[in-house]
Amino acid sequence: MKASQFLFATLKETPNDADIVSSQLMVRAGLIRKLASGLYVWMPMGLRVLKRVERIVREEMDGIGSQELLMTVTQPGELWHESGRWEDYGAELLRFKDRHQRDFVLGPTHEEVITDIARNELKSYKQLPVTFYQVQTKFRDEIRPRFGVMRAREFTMKDAYSFHIDKESLAQTYQDMYDAYSRVFSRLGLNFRAVQADTGSIGGFASHEFHVLADSGEDDIAFSSESDYAANVELAEAICTDVRQAPSQARQDVDTPNMPTCEAVAEHLGIALTQTVKTLIVKGAHSEDNPDAPKLVALVLRGDHTLNEIKAEKIAAVHAPLTMATEDEIKAAGLIKGYISVDLTIPVYVDRAAAALSDFVSGANVEHKHTTGMNWERDAAITEVVDIRNVVDGDPSPDGKGVLSIKRGIEVGHIFQLGDKYSKALNCSVLGKEGKPVTLMMGCYGIGVSRIIAAAIEQNHDDNGIIWAEPQDKADSIAPFYVAIVPMKSKDGVAEQKAEELYQTLKSRGINVLLDDRDERPGVKFADLELIGIPHRIVVSERNLAEGKYEYVNRANGEKVMLDLEEVLAKF
Ligand code: ATP
Ligand code: MG
Ligand code: MG
Ligand code: MG
């Protein structure tokens, strides 16, 4: 590519609405342009990067036998009604109607569509296991789009879905995906970690997230100092808590109309009530009785209020949480140290709540603990006790090996053993060995293709601009151009001529090379090339040519050496 024929949309100034270094650099380097909140145009320079990431992802998906297809961005609402997610998904799902008043959504993910394809196309266990993938635009109406393409509303995802006759087959494909993801992120030269993740409201069997380690990440990741244990803190927190057997009596008691005394509840839960925290309330309600109610709310209060006083509305503000608390109401009660909400119908969550409560109440520095607010909308399916600061640097690792350290991560990939949630809801089955219909097991696997680019830049840049990682195989470099050749103006055009010759030679060898033949001062060109992060630069000047030399500069480490032509060619 000749730079004179290519749009260099570089900017000197940092755009003031770019909130993070990667988005600033991506805009300044002319990779992207913001169209509206969470909507970005990939400029020619940026699209070259995106395509290179896509190529690596495709190679690894093809490599494990996943078949590429392309679904539609627009999806019939009917499928989302069938899966139940029309109601469940929340405001991130952009819903709209066509001219016939039929419901549609812009796809934030494609479980429904792929399951519809599978139920129509798959007939027999002999066709399994099978995996499909696509690289496609997703739309999520993020509540707070930010950080450029990192948390955009429209973004590129590679999403894959697998179908299986049984759990064992699902586990095998999951492992293949795990390995393929590890290869993708290694080839991209990212400093990443795979971590155990929450199976969330879907409640599948297993889940891992892949995180690029960077201070700007939005997730907290806990690592063991002495083992491979690594988990999203949200999950680590729940497991870390010393889960003890919750006496079943406690569950019955909290459900009875006659509320037990706080001492009795504390005893059942094995909690020591301290002087600082004298009142503990545990309120329960089964989901069948009242689907809207929080399933179990445990409040830890400071003071000497008895349950009877509270029930008698002597403490009016606190009464609200006993019936139907909102986060604000609970906070408004003022005295409350924190609260935990779990699904009472699932014993393990009660166990965890008990353990967390115990820690919470009897902890030495109870004064400084606080729990995060619960999202009541999500509580119907809450899976963990949420108190993200529960796990701190130095806590023992849940696997008993070493202590935890907490780092920030950017989620670039997520794999998930879904089980039969979608296949059951959409009635996706095939004929099994015994000739009877078998509901399929499913896995889903996502990579944030566009987010990867921002994450790579977060991890690797300097004051002059982007630095693209040098991969083991140079064909894997995601830099928009791998080498730039810069001719210096020469009297009889000899430098320009030699630069053109070198350009043609490298091009013929399949090198992704740019000839910077723009009519600009060298300083402008060098600044642009550094901003864009082109890994290798070769300056061709009359003076150096007189000695048979070319000036080579390495973007990443600043190395500057004089090479003769053979050495230049040997380098690439
Ligand atoms: P996050 O926790 O960051 O909101 P997610 O868990 O909602 O991400 P998934 O549903 O797991 O995302 O989607 C798969 C991948 O898509 C994520 O791992 C991430 O890399 C990418 N992704 C998700 N949301 C966005 C977004 N708004 N902008 C860019 N990439 C995204
Ligand atoms: Mg999200
Ligand atoms: Mg996530
Ligand atoms: Mg995720």
For region 421-431, does any single residue satisfy the condition of being at pLDDT 80 or above, within 16 Å of ligand 4 (Cβ to nearest atom), of a type outside the set (A, V, I, L, M) and surrounded by 15 or more Cβ atoms within 10 Å (Cβ to Cβ)?
-> yes
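What number of residues within region 41-63 satisfy the criterion of being open to solvent by less than 50 Å² (accessible area, probe 1.4 Å) and touching a strand residue (DSSP E or B) at 6+ places or on another chain (Cβ under 8 Å)?
Within region 41-63, the subset open to solvent by less than 50 Å² (accessible area, probe 1.4 Å) is 43, 45-46, 49-50, 53-54, 56-57, 60-61.
After this cut, where a residue has to be touching a strand residue (DSSP E or B) at 6+ places or on another chain (Cβ under 8 Å) as well, the list is 43, 46, 50, 54, 57, 61.
Qualifying residue count for the region: 6.
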Within region 158-200, residues free of Cβ contacts under 8 Å to residues at least 60 places away in the same chain and within 16 Å of ligand 3 (Cβ to nearest atom) come out as A194, Q196
Tell me, which residue of region 23-38 that is surrounded by 15 or more Cβ atoms within 10 Å (Cβ to Cβ) and among the aliphatic types (A, V, I, L, M) is farthest from the chain's Cα centre (by Cα)?
-> A29
Could you figure out which of (1) at pLDDT 95 or above; (2) over 34 Å from the mean Cα position of the chain (by Cα) isn't true of K491?
-> (1)
Evaluation of V149 against (1) part of a loop (DSSP other than H, G, I, E, B); (2) over 28 Å from D420 (Cα atoms) (one fails), failing number = (1)
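For D179, state whether it is assigned by the TED database to the domain that holds L93 and closer than 19 Å to I415 by Cβ.
It is true that D179 is assigned by the TED database to the domain that holds L93 and closer than 19 Å to I415 by Cβ.
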How many of the residues in region 79-101 are in contact with a strand residue (DSSP E or B) (Cβ under 7 Å, 6 or more places away or on another chain) and in contact (Cβ under 8 Å) with a residue 24 or more places away in the chain?
-> 3
Being polar (S, T, N, Q) and within 15 Å of S490 (Cα to Cα) is the filter here, so list the residues in region 540-559 that pass it.
-> S541, N544
Looking only at region 518-531, decide whether some residue is surrounded by 20 or more Cβ atoms within 10 Å (Cβ to Cβ) and not in a helix (DSSP H, G or I).
-> no
Residues satisfying the stated conditions in region 179-193, i.e. within 14 Å of ligand 1 (Cβ to nearest atom) and either open to solvent by 50 Å² or more (accessible area, probe 1.4 Å) or modelled with pLDDT under 95 (or both) | R193
Would you say A160 is away from ligand 1 (no atom under 13 Å from the Cβ), at pLDDT 95 or above and open to solvent by less than 10 Å² (accessible area, probe 1.4 Å)?
-> no
Of all the residues that make up region 97-129, how many are under 25 Å from the mean Cα position of the chain (by Cα), open to solvent by 10 Å² or more (accessible area, probe 1.4 Å) and away from ligand 2 (no atom under 16 Å from the Cβ)?
-> 1
Breaking point among (1) more than 16 Å from ligand 4 (Cβ to nearest atom); (2) within 30 Å of V57 (Cα to Cα); (3) surrounded by fewer than 21 Cβ atoms within 10 Å (Cβ to Cβ); (4) modelled with pLDDT of 95 or more, for H414 | (1)
Does E78 satisfy being out of contact with any helix residue (DSSP H, G or I) (no Cβ under 7 Å at 6 or more places or on another chain), more than 16 Å from ligand 3 (Cβ to nearest atom), open to solvent by 20 Å² or more (accessible area, probe 1.4 Å) and in the same structural domain as D420 (by the TED database)?
-> yes
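Go through the residues of region 176-194 one by one and say whether even a single one is under 14 Å from the mean Cα position of the chain (by Cα) and either within 15 Å of ligand 2 (Cβ to nearest atom) or of a type outside the set (F, W, Y) (or both).
Going residue by residue through region 176-194, those that are under 14 Å from the mean Cα position of the chain (by Cα) are 181, 185, 192-194.
Subset that is either within 15 Å of ligand 2 (Cβ to nearest atom) or of a type outside the set (F, W, Y) (or both): 193-194.
Taking every residue of region 176-194 in turn, at least one turns out to be under 14 Å from the mean Cα position of the chain (by Cα) and either within 15 Å of ligand 2 (Cβ to nearest atom) or of a type outside the set (F, W, Y) (or both).
The values are calculated or read from the model by the stated rules, or taken from the named source; none is laboratory data. All of these numbers come straight from a predicted model, not from anything done at the bench. Heads up, the Cβs are rebuilt from the backbone with ideal geometry, glycines too, and the neighbour counts pull from every protein chain shown. When the accessible area is computed, the model is the full protein with side chains, heavy atoms only, and any ligands, DNA or RNA have been set aside. Shrake-Rupley method; radii C 1.70, N 1.55, O 1.52, S 1.80 Å.
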